[in-house]
Amino acid sequence: MLDDFRKQADDSLFEFEEVEEEEEPQEQPEGVMRLLSVGPVWGITPRQRFILAMMLFLFICLLGALFLLLTQRVALPSLG
């Protein structure tokens with residue numbers, strides 16, 4: 001039985017050969033990291049996303065200012 005193991009160890013099958021490893025496909029990032037990744041998200045380019053973000057920001061600022069005016073927390077200065 002031990003002789004069989006020695007024969008197997010002497011066989012050329014156990015010689016170390018350089019084997020090229022296949023590159024594993026990278027997993028797609030999820031959540032916030034996917035949003036920060038480069039490339040189109042929701043079918044739009046990063047430039048278009050920036051414009052949408054700026055429009056949303058300005059819209060929220062305008063709504064906030066109107067809300068403050070309606071609740072009379074802020075008053076417009078008199079021009080006279």
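The values are calculated or read from the model by the stated rules, or taken from the named source; none is laboratory data. Every value quoted in this text rests on a predicted model; they were computed, and no experiment measured them. No Cβ is skipped: glycine too gets one built from the backbone with ideal geometry, and neighbour counts run over all protein chains shown. SASA here: full protein model, heavy atoms, side chains in, ligands and nucleic acids out. Shrake-Rupley method; radii C 1.70, N 1.55, O 1.52, S 1.80 Å.
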key: Cβ pairs under 9 Å, 6+ apart, first in region 53-80 and free of Cβ contacts under 8 Å to residues at least 40 places away in the same chain and open to solvent by 100 Å² or more (accessible area, probe 1.4 Å), second of a type in the set (Phe, Trp, Tyr) and assigned to a helix (DSSP H, G or I)   = Arg73/Phe67
task = For region 1-48, name all the residues that are modelled with pLDDT under 65, surrounded by fewer than 10 Cβ atoms within 10 Å (Cβ to Cβ) and assigned to a helix (DSSP H, G or I).
result = Ser12, Leu13, Phe14, Leu36
